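The values are calculated or read from the model by the stated rules, or taken from the named source; none is laboratory data. Here the structure is a predicted model, which means the values were calculated and not measured. Glycine gets a Cβ as well: all are built from the backbone with ideal geometry, and neighbour counts include every protein chain shown. These accessible areas exclude ligands, DNA and RNA; they are computed on the full protein's heavy atoms, side chains included. Shrake-Rupley method; radii C 1.70, N 1.55, O 1.52, S 1.80 Å.
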Amino acid sequence: MEKMSKTVSFSSVSSISNLSSLPSFNSLPASQLKQTFSQSMMEEALESAETIIKKWDPNSQSYTTIISMFRNSRKEAKEFIRCIRDLRRAMHFLVSQDSKSDKLVLAQNLMQIGMSTLEKEFFQILSSNRDHLDPDSASGHSTISSNSEFEVVMENDDDDVEDAALKKAGESISQVEKASALVMSDLKVIAETMIRCGYGKECIKSYKLIRKSIVDEGLHLLGIEKVKTSHFQKMDWGVLEHMIKNWIKAAKIGVTTLFRGEKLLCDHVFSASITIGQSCFNQIAKEAGLNLFMFPELVASKEKKPHHERIFKLMDLYAAISDLWPDIEMIFSFDSLASVKTIILSTLKKLKDSIHTCLKEFEVTIHKDSSKELTPEGGVHKLTRTTLSFISSLSEYSRVLSEILAENPLKRNARLLEYYFTAPILEDEHVNNHAFSVYLASLILVFLCKLDTKAESYKDVSLSYIFLVNNLQFVVVTVRSTRLKSLLGDDWLTKHEAKLRSYAAKYEIAAWTNVFASLPAKTSTKLSPEEAATCFKRFHASFAGAYMKQSSCVIEDAKLRDELKVSIARKLVPEYRKFYQKYLLMLKQDRNIEMLVSFKPDNLENYLSDLFHGTAIISGSSHSASSSLSSSSCCSIGCVKN
C-alpha cells in the first residue's frame, strides 16, 4: 500500500494538466465556468473536501481507523465521492481564475490524498470480493445498466432508492446477485472518479494485478496448462484423445464464462473510458487467451497427415471452436487482441485441412483394400461393417463436413454422380448439406464397387450373389436407421432396395434353376411310369444337391432370410405338389417307390425353411426325411451314372 501511495503522489504532479485536458470542462469558456461554479461554491467545496478527505488520510489527526470506507458506511462513501467530484469542479474553476493560487495548491494536495484513498478502496474491494466478482457472477450481470447504480443514488441517501436502482439487474435478484451488483457498482464509481480526475493508470494497476491472477487461476482450475511443443509431439494419440475431450469442456467454460464474464466486468467498471477498458482487458486476457488456444493449435499442427480414424476428434475440436467463435469475436474484439483471433483462425484452417486429408485417406483405404479373406457362408464382410460404421459416424457431423466440403469438394466423376445420385432437398436444415450428401453417396458407391470385386472371388456364382445380398442389405439397413437416410434420401434407398431384389432374383436363378427345370413343363404331355420315375429321380438329385450346397449359406438379416425362403418355396413347392399328386398313384406298384419318391411336398417345405442359417438344420417335423434325403441322393446319383 505504501508503494501504491507513492505512485499516486508521483503521478499527481501532472494532475492540473490532466484536469485541463478533460473535455467535460475544458470546452467551457471562463464566463460560463463562473456562472456554473461561483466563488462561494468553490470555497464551500474546498472546506468540505478538507474535512471529509482528511478524515481518511493516515497522516491526519482526524484519521479514522476503519479499514474500508465502502464496507463500513455506504453513506460516507457516497459523501466522499461527491466531495471528490466537487473538488474537481473547484480545481477547474481555480485553473480558469488563477493557476498559481494557493487554494489551487491546497486543492491539488487534497486531490492526491483523495485519490490515494480511493486507490486503496479500489484494491480492497477487488481483493476482498473475489467471490462476488467471479466470472460467473459477472456474466449474470450482463444486463446491468451502463449508468452506475451508485451514481444514481448519489442524489439520495435513502436505502429504498438504492434498492430500487438495483432492480435494473432483474426483479427477482437474489441476495448473492445483489451483493455482486453492489460491488460492481462501487468499483465502477471509483474507476469513473479516478479516471475523470486523471488517475486512470493507478486504477488500472490495481485492477490488472488482481483480475489477471483470477483469470490465470481459472484456467489452471479448468486444467489448462502450458505444454512444451517438443513434449507434445511425442504424445500418444490415445493420450491426446483424452486431452481433446477435456479441453473442449474447459474451453466452453473458459470462453463463455471466464473470459466473457471478465470482459463484461471490465466494460462495466471502466465504462467511463473505452480506451482504458480495452487496455486493461488486453493486459488481463491476452496471455491467457493465447494459452487457452495453444492446445488445439498444437493438435492441428501435429496431425498434418492423420489416420482417418482420428477424424472424429479433429471434428469435435473444430466444431467446439466454431461454436465458440461468435463469443470469441465479441470478447477479443480489440485490435490489441488480434493475435488471439489469429491463432484461432489458423487452428481452424489447419483442422479443416487435416479433416479433408482424413476423408481422402479413408477413400484411398477402400480402394486399396486387397484382403482375400471372404466369409465362406457369404455373410457380411468385415470391410462392410467397418466402412458403414465409419460413414454413419460421419453423418453425425453434417454441419462440419458440409462446411468443409462446400469450400473444398473432393474431386469426383460429375457425370457418373449425376446419373447415380440426386441429393435430397432438406427444407428444415439450417446448413446446405448438398456437398456432403454427394460425398457420402460417392463414397458408398466406391465401397459397393469394391464389394462387386470381392464377390467375383467366390467360385460358386450363387454364393457370390448371397454375399452381395447380405452386404447390400447391411448397407441399406444402416442407411435407413441412421442420419444417412435424410442425407441420401428416399430415392437412394428405393434404388438400392431394387438392386437388392435384383441380386436375390439372380441368386434364385443361379442356385435353383436346375431344381425348377427338373420338373416337367406345364405344357408337356402325360408321362409314362418310366418317365415319371426318371423325373422323380432327377428332381430328388437336383434338390438334394442344391439343398446341401445352399444350406451352408447364411443370410444374416432375419426378414430378408424369410422373404427369400418364401420366394423359393412359392416357385418350387406348388409345382412339385402337382407333379407328386399326379404321378404318385401311377408308381404305387413299383417295389422301390420309397426310394423313388423320398420327398413329400410338406417335407420339401420343411427343408426349405431350414435354409440360410449357415448349417443344414433339420426341423423336428422333417427329421424322418433326413435319412431319406441322404439315401435318395445316393440313389439319384447312381441313376445319373446309369
How much net charge surrounds Leu290 when only the other residues with a Cβ under 13 Å from the Cβ of Leu290 are counted, with Lys and Arg +1 and Asp and Glu -1?
0
Taking 0.36 nm per residue of sequence separation and subtracting the Cα-Cα distance, how much length would be gained by fully extending the chain between Asp460 and Glu373, in nm to one decimal?
29.8 nm
So what's Rg/Rh here for segment 369-509, counting alpha carbon atoms and using the Kirkwood radius for Rh?
0.99
Accessible-area order for Lys286, Lys526, largest to smallest, probe 1.4 angstrom, reads Lys526, Lys286
Hey, could you get me the Stokes-Einstein D for segment 38-128, Kirkwood radius over alpha-carbon pairs, 25 °C and 0.890 mPa s, rounded to whole µm² s⁻¹?
181
With no solvent and one point on each alpha carbon, what is the Debye value of log10 I(q)/I(0) for segment 433-509 at q = 0.16, 0.18, 0.19, 0.25 Å⁻¹?
-0.60, -0.73, -0.80, -1.18
Compute the signed sum of charges (Lys and Arg +1, Asp and Glu -1) over the other residues within less than 15 Å, Cβ to Cβ, of Thr482.
+2
Would you mind checking Lys245/Lys360; Lys350/Lys372; Lys302/Lys411; Lys252/Lys382; Lys506/Lys537; Lys372/Lys485 for any pair whose Cα atoms are more than 28 angstrom apart?
Lys350/Lys372; Lys252/Lys382; Lys372/Lys485
Hydrodynamic radius (Kirkwood) for segment 519-610, which is based on Cα pairs only, to one decimal in Å:
14.4
To the nearest 0.05, what FRET efficiency results for Ser68 and Lys178 with a Förster distance of 22 Å applied to their C-beta separation?
0.75
